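So the structure is just underneath, and the comments pick up after that.
Each reported figure results from applying straightforward, stated rules to the coordinates on display, with no laboratory input. Only a predicted model underlies this, so the values are computations on that prediction, with no experimental measurement involved. Here the Cβ is made from the backbone with ideal geometry for all residues, glycine too, and neighbour counts use every protein chain on show.
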Amino acid sequence: MNRLLLLATGGTIAGCAENSATLNNYTAGVLGGDALLAAVPQLQGLAAISVEQIANVDSADLLFAHWRALVVRIRAAFAADPELAGVVITHGTNTLEETAWLLQLLIDDPRPVVLVGAMRPATALSADGPLNLLQAVQVASSPEARGQGVLVVMDGQIHSAQSVTKLATQGVGAFASPGRGPLGWVDDVGVHLPMASGSRQVPFAGLDLQEQWPQVPIVYGCVEPEPLLLNACLNAGVEGLVFTGTGAGQLSAAERSALEAWPGKRPLMLRANRCGSGPVHRDFEDERLGLLPAGSLNPQKARVLLLLAVLAGWDRDQLKALVTASP
Ligand code: ASP
């Protein structure tokens, strides 16, 4: 039987409400990983799973220290145990995509790392957590998932860390991969994934994460934006900054002028978009101001990339080589 490691971090999948009809008013991160496993006896026939609790929080309260602990633990587990088949992480859905993308950029191992959450608390009628967990374990122990990078399993769909996002505040089908669709599906017949496409790039595979992480704010574009937000970030000396531009990542003239007028060193900057789907392409005028395109990364994932780039001490040329090479 496959051996898996389950790392529990909290979220709605571990959440409890006062009664089974309550779907919105509950406390996330109450049950431990052991209780989540115990609720799905069918798992016993699927894999031998050891559990560790990394945190038990609503994922809005996740800290860089939790991210660091996850990365350190996963790297150590894979290094120490060649027989370990994969890792499953239970996680709140609100920031699940950021953790998935972080791990995709840092974990260099063909064995599956699968994140899973739930939209309904564990106490709800028709809670989605138990089936999602069963399917995440199915995926993590399957040969089909090997070499596919970090995966997210929700509502029978298998998504890649790069494309997946939470698109809805309610409903069990809240996750999607806009513009691309899910990588595959999982059901009682099996795990349906295309062949893995050979070796993947893990740009921060060798990066040792320090305790202190930089601040990388996200500035959001809108009609008549307030340049004081941008100026405050620049004055605070942030080392990285994400612009969520309108349309295909466009800045307003006011924001452009504020950047142009900034006399100091420019932080590493990425231009993402607020449309929810579609790429941001290169723009040579923006590049002159230090703004690089985030491609198809949404703003929160562009921020994760910038956090790691700053931690790794990258300069703008190193970041440019990465973002202009990826699709
Ligand atoms: N509040 C939850 C969280 O931890 C939401 C969820 O898990 O669905 O992100």
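Side notes on the structure shown:
- Loop GluC sites (Glu not before Pro), the range 203-280 (other Cβ atoms within 10 Å of the site Cβ: 11 or fewer; DSSP): Glu211
- Normalised by the number of residues in the range 1-41, the average gap of Cα pairs under 8 Å and 6 or more apart makes the relative contact order 40 percent.
- Shape category assigned to the range 171-246 from the gyration tensor of Cα positions, a/c cut at 1.5: oblate
- Relative to the longest principal axis of the Cα atoms of the chain, the long axis of helix 299-311 lies at roughly 80 degrees.
- Taking Cα atoms only, the orientation of helix 129-140 departs from the longest principal axis of the chain by about 80 degrees.
- Beta bridges by DSSP in the chain, antiparallel share as percent, to the nearest 5: 30
- Per residue, the chain reaches -8000 deg cm²/dmol at 222 nm when only DSSP H runs of four or more residues are counted, each adding -39500 (n - 2.57).
- Each of Met1, Met195 has some number of other Cβ atoms within 10 Å of its Cβ, and from fewest to most they run Met195, Met1.
- Protection-proxy order for peptides 70-78, 147-155, each taking the mean of Cβ atoms within 10 Å per residue, highest first: 147-155, 70-78
- From least to most packed, judged by other beta carbons within 10 angstrom and beginning with the fewest, Arg68, Arg266 follow the order Arg266, Arg68.
- When you restrict to C-alpha pairs under 8 Å that are six or more residues apart and normalise by the size of the chain, the relative contact order lands at 14 percent.
- Cα gyration tensor category, rounded, prolate or oblate, for the range 39-124 with a/c compared to 1.5: oblate
- Whether the chain is rounded, prolate or oblate, judged on the alpha carbon gyration tensor where a/c under 1.5 counts as rounded: prolate
- Between the range 277-318 and the range 95-134, the alpha-carbon center distance in angstrom: 26
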